[in-house]
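The values are calculated or read from the model by the stated rules, or taken from the named source; none is laboratory data. All values reported here derive from a predicted model rather than from experimental measurement. Reconstructed Cβ throughout: ideal geometry from the backbone, glycine too, with neighbour counts over all protein chains shown. Keep in mind that these areas ignore ligands, DNA and RNA; they rest on the heavy atoms of the full protein, side chains included. Shrake-Rupley method; radii C 1.70, N 1.55, O 1.52, S 1.80 Å.
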Amino acid sequence: MTLRAKLLLAQSPLLVALLFLSVLSLVSVSSIGGSAQKIMRDNYRSVLATQRMKEAIERMDSSALFVIAGQREKGMQQAAASRKRFAAELQVEEANITERGEAEAVHRLHRQWEDYVRSFDELTRLEDAQAGRVLYFRTLEPAFIAVKDAADEVLGMNQDAMVHKSERAQATARNLGQIAAVATVA
């Protein structure tokens with residue numbers, strides 16, 4: 001065997017170790033990147049949709065207050081835009097159910113929203129301001145609170161899932177880092 005062949009043979013374990021570490025690094029980066037994308041796809045969009053629904057229902061509630069305060073036109077304009085936004089974001093959330101129990105929570109949110117819209121429409125049909133105030137405080141305000149509570153449930157569920165998935169991704173990264181360190185030392 002020539003000296004050149006002996007030198008190449010002596011270097012081959014280093015080459016194998018370098019290839020192993022390269023593959024391990026590639027797997028680690030891909031795993032962490034995939035985890036981040038999964039969190040964004042699964043939960044962040046739901047968080048945004050739910051936050052936007054909460055903003056829209058708050059605007060709907062202020063629209064109802066405009067109506068009973070005698071600013072019907074302003075209230076109705078604001079309500080129309082807010083109603084569309086809530087409905088659009090609710091559709092986004094209904095299409096992005098990823099967590100256990102989320103489907104039931106979204107279904108409750110949808111029912112609460114429908115109840116709220118019925119009460120709001122009833123308010124807009126009333127001519128008497130006093131009757132409007134009574135309806136608001138007896139029916140519409142509790143329906144508003146129910147929608148917000150249901151939205152908070154969906155929001156919390158997705159935020160908690162984001163935290164748990166992030167912690168799992170960090171643990172995976174730590175484990176892969178330890179394996180790489182051991183392999184490097186070896």
Notebook entry, point to check: Once both labels are modelled 7 Å past Cα along the beta-carbon direction, what's the His110-Phe20 spacing in nm?
Noted result: 5.3 nm
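Identify the chymotrypsin sites (Phe, Trp or Tyr not before Pro) of the range 40-123 meeting these criteria: DSSP loop state and at most 10 other C-beta atoms within 10 Å of the C-beta.
On the way: sites: Tyr44, Phe66, Phe86, Trp113, Tyr116, Phe120; in loops: none.
Loop-located and lightly packed - none at all.
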Item checked: From phi via Karplus (6.51, -1.76, 1.60), per-residue ³J(HN,Hα) for the range 80-94 in Hz, x at Gly/Pro -> 4, 5, 5, 5, 5, 5, 4, 4, 5, 6, 5, 5, 4, 5, 5
Item checked: Set of lysines near Lys74 by C-alpha distance (under 17 Å), chain-local residues within fewer than 8 positions excluded -> Lys84
Item checked: Solvent-accessible area of Met157 with every protein chain in place, 1.4 Å probe, in Å² to the nearest 10 -> 40 Å²
Check: Just the accessible area for Phe20, please: 1.4 Å probe, Å², rounded to the nearest 10?
Finding: 110 Å²
Check: What list of ³J(HN,Hα) values in whole Hz, one per residue of the range 70-76 in order, does the Karplus curve 6.51 cos²θ - 1.76 cosθ + 1.60 (θ = phi - 60°) give from phi, with Gly and Pro shown as x?
Finding: x, 9, 4, 4, 4, x, 5
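Pull out the extension gain between Gln91 and Leu7, defined as 0.36 nm times the separation in residues minus the alpha carbon to alpha carbon distance; nm, one decimal.
Gain on extension, Gln91 to Leu7, equals 23.6 nm.
Sort Thr2, Thr98 by heavy-atom solvent-accessible area, probe 1.4 angstrom, most to least.
Working: Thr2 85, Thr98 55 Å².
Ranking Thr2, Thr98 by accessible area, largest first, yields Thr2, Thr98.
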Check: Ignoring any ligand, DNA or RNA, what whole percent of the accessible area of the range 64-124 comes from carbon and sulfur when the probe is 1.4 angstrom?
Finding: 50 percent
